[in-house]
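The values are calculated or read from the model by the stated rules, or taken from the named source; none is laboratory data. What you see is a predicted model, and the numbers here were worked out from it, not measured in a lab. Neighbour counts run over all protein chains shown; Cβ positions are idealised from the backbone, glycine included. Accessible surface areas use protein heavy atoms only, side chains included; no ligands, DNA or RNA. Shrake-Rupley method; radii C 1.70, N 1.55, O 1.52, S 1.80 Å.
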Amino acid sequence: MGLLNRLDDPYEGGGIVLGKIEELLNWGRSKSDWYLHFGLACCAIEFMAMNASHFDFMRFGTIPRTSPRQADFIMVTGTVTFKMAERIKILYEQMAEPKYVISVGSCSNSGGPYWEHGYHVLKGVDRIIPVDVYIPGCPPRPEAFEEGMMKLQEKINKQAIFNKRKLLGTE
Amino acid sequence: MTEIKRYDLEYSQLDSDRMRINVGPQHPSTHGVLRLEVEVDGEIVTEVVPHLGYLHRSFEKHCEKMTFPQIIPYIDRMDYISAMNNEWPYVMALEKMLDVKVPEKVEFIRVIVAELNRLANHQIAVATFGMDAGAFTPFLYYFRDRESIIWILERLSGARLLYNYFRVGGMAADIYPGFKEDCLEVVKKVRKTNEEIMDLLIHNNIFIKRTANVGVLTPEVAINFACSGPVLRGSGVKFDLRKDEPYSVYDRFDFDVPVGVGEVGVVGDCWNRNMVRMKEMEQSCRIIEQALEMMPEEGDVTGGVPRRIKPPKGEMYIRTENPKGELGFYLVTNGTDKPERLKARGPSFVNLSVIPEISKGYMFADLILILGSIDIVLGEVDR
Ligand code: SF4
């Protein structure tokens with residue numbers, strides 16, 4: 001499906017790839033996603049382990065950023081409280097388009113263990129910002145983080161840039 | 001003796017305006033979602049006001065609504081880096097109230113998993129402290145080693161971070177075959193990496209320049225603020241509940257309580273607090289080795305868990321030594337299967353309160369290091 005798969009095409013002796021500009025741009029975009037790390041609670045510790053040597057999250061081309069202006073997507077890892085929700089909204093709005101959101105852990109998906117009696121917990125970060133990928137788990141295993149990242153890359157690869165009405169992809 | 005780097009500049013001397021800066025709540029070096037309102041005079045910190053509540057997850061409300069065994073997962077989520085240590089005082093309080101005798105083997109398993117978790121906690125603490133000072137390598141080394149600890153705990157309990165492994169009167173599952181060998185392997189690895197880190201980070205000249213003589217916490221202040229754990233011991237006060245008020249089987253082990261002695265810098269500075277953690281890791285290794293030796297082979301681990309937990313009316317306060325300090329649970333029961341109230345005394349919260357006191361008069365960049373050396377976890381501060 002991807003652009004690189006076509007490199008082996010015996011076209012004019014090889015070395016030439018025919019494709020759409022969109023595919024090229026999306027290929028670049030999906031392989032160098034920088035993220036705004038939004039570590040909130042226990043899931044952030046698992047995410048730290050994910051970032052460290054054993055699992056090496058950076059092989060996806062991701063680099064942690066601390067400023068929303070430089071980030072392509074935001075990783076909400078942990079419990080979103082009402083006090084924090086305000087901040088998340090502000091930071092999300094500061095990010096430049098195109099922007100994506102990954103919600104990590106039951107807490108930011110739906111309130112998680114604090115769903116019933118947590119009077120100060122937002123029942124899902126999707127109530128304030130649009131979420132692209134949900135990663136389930138409490139906390140999710142590092143393998144789940146990898147899968148979530150791959151899902152986001154898939155999504156980016158399918159996006160249309162010029163003709164927004166037509167969705168790319170099914171090849 | 002080296003001179004302490006505290007800057008006592010008068011406002012009038014500098015003739016500059018004071019400025020208020022906001023650090024956090026979303027900042028990688030605040031170790032969570034802590035917000036600090038800092039007043040600076042040039043680059044010198046004159047006032048720090050911590051703002052809490054960004055991770056308030058209604059712990060006490062949940063305790064009122066849940067039955068006793070259901071509360072254990074919520075206690076995991078208080079101090080999520082050392083979940084095993086958190087569960088312990090809670091089940092101990094219930095066991096005392098119910099008059100349940102814990103089998104010998106269970107006690108040893110508890111000691112081993114708690115010490116393993118202490119190792120994991122201190123590894124994160126030293127790693128992130130190094131990262132605050134600009135050293136990324138210790139982070140990578142420690143997280144590589146931490147995986148092997150996590151792996152053992154995962155095989156025991158089924159979870160990587162939040163274990164829910166303790167039960168009243170026993171454990172959720174027995175140890176697996178080969179547990180002892182795995183633990184010894186981990187101990188070996190931890191010792192080896194610690195040796196490396198000693199050269200790489202602790203005795204690194206840049207690291208010493210940044211952390212020695214910074215954020216000095218005198219023993220008097222530490223005691224007055226009720227600090228505990230490595231923060232208190234870093235100031236030279238020898239106080240460890242495992243030694244001074246032995247619970248479980250800690251009185252049978254031979255281990256030391258390391259305190260800050262000021263090999264570098266003065267007693268009570270960031271370097272010494274960090275050094276105490278390094279030395280504690282060695283002591284934890286010693287405890288694990290002895291516990292593995294003394295642990296009885298036979299014993300029913302899961303059998304003693306009562307079906308219904310309904311303690312009589314009353315109250316109980318139990319405190320144990322968490323990796324971060326003294327963790328206490330004040331449990332009030334009313335004769336039903338839910339507690340009337342469960343109050344936690346979190347070490348992170350108490351230790352955090354000393355920040356405004358010890359960061360005054362240092363450079364702004366030092367404030368980050370001081371915060372890192374206190375080793376807080378926001379889940380426990382806000383609960
Ligand atoms: S989903 Fe679970 S692990 Fe993640 S922040 Fe919530 S309680 Fe913690």
- For residues in the range A:52-82 being more than 16 Å from the ligand (Cβ to nearest atom) and closer than 15 Å to A:GLY148 by Cβ, which is most open to solvent (accessible area, probe 1.4 Å)? A:ARG59
- Query: Being in a helix (DSSP H, G or I) and under 20 Å from B:VAL126 (Cβ atoms), is that true of even one residue in the range B:212-219?
  - Reply: no
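Scan B:ILE223, B:ILE208 and give me the residue that is touching a Gly at 6+ places or on another chain (Cβ under 8 Å) and either within 27 Å of B:ILE355 (Cβ to Cβ) or more than 14 Å from every other protein chain (Cβ to nearest Cβ) (or both).
B:ILE208
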- Message: So for the range B:26-34 (the condition being at pLDDT 80 or above and surrounded by 19 or more Cβ atoms within 10 Å (Cβ to Cβ)), does at least one residue qualify?
- Response: yes
- Somewhere in the range A:88-111, is a residue more than 16 Å from the ligand (Cβ to nearest atom), among the aromatic types (Phe, Trp, Tyr) and closer than 24 Å to B:ILE81 by Cα? no
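Conditions (1) closer than 26 Å to B:GLU293 by Cα; (2) small (Gly, Ala, Ser); (3) without any contact (Cβ under 8 Å) to a residue 12 or more places away in the chain; (4) open to solvent by 40 Å² or more (accessible area, probe 1.4 Å), marked per residue:
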residue	(1), (2), (3), (4)
B:TYR90	no, no, no, no
B:ALA93	no, yes, no, no
B:LYS101	yes, no, no, yes
B:LEU116	yes, no, no, no
B:ASN164	yes, no, no, yes
B:GLY169	yes, yes, no, no
B:GLU185	yes, no, no, yes
B:ARG191	yes, no, no, yes
- Note on the structure: Of the residues in the range B:43-65, those that are closer than 22 Å to B:VAL168 by Cβ and surrounded by 20 or more Cβ atoms within 10 Å (Cβ to Cβ) come to B:PHE59, B:HIS62, B:CYS63
- Message: Kindly evaluate A:ALA49 against the criterion of being within 12 Å of chain B (Cβ to nearest Cβ), hydrophobic (A, V, I, L, M, F, W, C), farther than 26 Å from B:GLU60 by Cβ and within 15 Å of the ligand (Cβ to nearest atom).
- Response: yes
- Restricted to the range B:129-186 and to residues being part of a helix (DSSP H, G or I) and of a type in the set (Lys, Arg), the residue farthest from the other protein chains (Cβ to nearest Cβ) is B:LYS180
- Message: Tell me whether the range B:357-377 contains one or more residues that are touching a residue at least 12 places away in the same chain (Cβ under 8 Å), assigned to a helix (DSSP H, G or I), within 16 Å of the ligand (Cβ to nearest atom) and of a type outside the set (D, E, K, R).
- Response: no
- Query: Before we move on, is A:GLY118 at positive phi, within 11 Å of chain B (Cβ to nearest Cβ) and of a type outside the set (Phe, Trp, Tyr)?
  - Reply: no
